[in-house]
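Structure first, commentary second.
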Amino acid sequence: MAHKAGFVSIIGKPNVGKSTLMNVLVGERLSIITPKAQTTRHRILGIVNEEDYQIVFSDTPGIIKPKYSLQESMMSFVNGSLTDADVLLFVTDINEEHDEDDVLNKILDRNIPTIVLINKIDKALQEQVDEKIAYWQEKLNPVAIYAISALHNHNVDGLLDRVLEMLPEHPAYYDKEELTDRSERFFVSEIVREKIFLNYQKEIPYSTEVVVKSFKHEELKTKGQMIRISAEIVVERDSQKNILIGTGGSMLKKVGTEARIEIEKFLDSKVFLELFVKVIPDWRSKKNYLKSFGYDN
């Protein structure tokens, strides 16, 4: 049997469930997930490998109209994922209003085979689902439409088979042992950032970047090893720094503890995690800092 391989980009507006979907499809927790919009900032690849195929999924930031340089970089990741896509998975929320013109224009301009995924149907009546299916059939005329619940893994099983049918015959793009193109350091920074999104409100999570400064494996005197990690949380103002740290360092300690537990699960190792907070005024609009933080797509 000929080997198939290709790139499948998951796109849509913020907070429609793209990251949850990719984690389900890949079978690993690669993308961070929070109830807040615009949690995903980078293009993250999740690779599904079998003997006769390789599917390279791309989780992308939610499509928005950018207001500052960071958001412009986020949208460049979306555009990059469209450039090499063999298949598009367009995710839309069952409760989303029909105002996705900025998303639809990107899809229609590229003329890429598209599957529409109407997500979060566990919260909807069948009549709503039928109405959405009819709307998207007329609007996009996609290859297929699936009504799913990514959170509950409902109606996702057949999607992988459908995607595979649409991929070209091609050798694998990545080593068959690879799960993602990202480093352990990247996922550590993302886990810390996720805990910030879950523990703080308003502008704090959106004004924050996490940079892993040190990542060292140490042999313990007792059996096993420990990974010693030092990470910097970057904010834009002193007032944000004070809120992040909290009274007597209480909030920073809480974030550090929650992140360490998650990182230990992810790395399957004992972890010592140190967090520091640094102020870089207006970093989200400064190209040199964005480039150093990995937003140079």
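The values are calculated or read from the model by the stated rules, or taken from the named source; none is laboratory data. Please read all numbers here as calculations on a predicted model, not as lab measurements. Cβ atoms come from the backbone with ideal geometry, glycine included; neighbour counts cover every protein chain shown. In case anyone asks, the SASA skips ligands and DNA or RNA and just uses the protein heavy atoms, side chains included. Shrake-Rupley method; radii C 1.70, N 1.55, O 1.52, S 1.80 Å.
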| query | Based on what the data block shows, is K67 basic (K, R) and under 28 Å from A147 (Cβ atoms)? | reply | no
| query | On the given criteria, is E169 at pLDDT below 95 and either charged (D, E, K, R) or surrounded by 18 or more Cβ atoms within 10 Å (Cβ to Cβ) (or both)? | reply | no
| Options S58, S31; residue that is under 9 Å from the mean Cα position of the chain (by Cα) and modelled with pLDDT under 90 | S31
| task | Would you list the helices (runs of 4 or more DSSP H) that sit entirely within the stretch 68-142 and hold 3 or more residues that are surrounded by 21 or more Cβ atoms within 10 Å (Cβ to Cβ)? | result | 69-83
| request: Those residues that are within 24 Å of T60 (Cβ to Cβ) and not small (G, A, S), I need them from the stretch 264-287; list them, please. | output: F266, W283, R284, K286, K287
| the stretch 34-58, residues that are crowded, with 19+ Cβ neighbours inside 10 Å, of a type in the set (V, I, T) and farther than 13 Å from L164 by Cβ | T39, T40, I44, I47
| task | Among the residues of the stretch 153-166, count how many are in a loop (DSSP other than H, G, I, E, B) and either loosely packed, with under 15 Cβ neighbours inside 10 Å or modelled with pLDDT of 95 or more (or both). | result | 1
| If K287 passes every condition in (1) more than 23 Å from the chain's Cα centre (by Cα); (2) farther than 29 Å from R29 by Cα but one, which one does it miss? | (1)
| Across the stretch 33-67, what is the number of residues that are part of a strand (DSSP E or B) and either under 24 Å from Y200 (Cβ atoms) or not aromatic (F, W, Y) (or both)? | 12
| Answer residue from the stretch 23-32, given it is more than 18 Å from L198 (Cβ to Cβ) and assigned to a loop (DSSP other than H, G, I, E, B) and is least open to solvent (accessible area, probe 1.4 Å) among those | G27
| remark: Checked pairs for the stretch 129-150, first in contact (Cβ under 8 Å) with a residue 12 or more places away in the chain and over 14 Å from L104 (Cβ atoms), second part of a helix (DSSP H, G or I) and polar (S, T, N, Q), C-beta under 6 Å and 6 or more apart or across chains, list as A150/T20
| said: Can you say whether A150 is open to solvent by less than 80 Å² (accessible area, probe 1.4 Å) and farther than 24 Å from L45 by Cβ, as far as the supplied structure shows? | reply: no
| Taking the stretch 1-22 on its own, how many of its residues are closer than 21 Å to Y173 by Cβ and open to solvent by 20 Å² or more (accessible area, probe 1.4 Å)? | 5
| Test result for D59, among the charged types (D, E, K, R) and in contact (Cβ under 8 Å) with a residue 60 or more places away in the chain | no
| request: Those residues that are β-branched (V, I, T) and under 23 Å from F90 (Cβ atoms), I need them from the stretch 151-204; list them, please. | output: V156, V163, T180
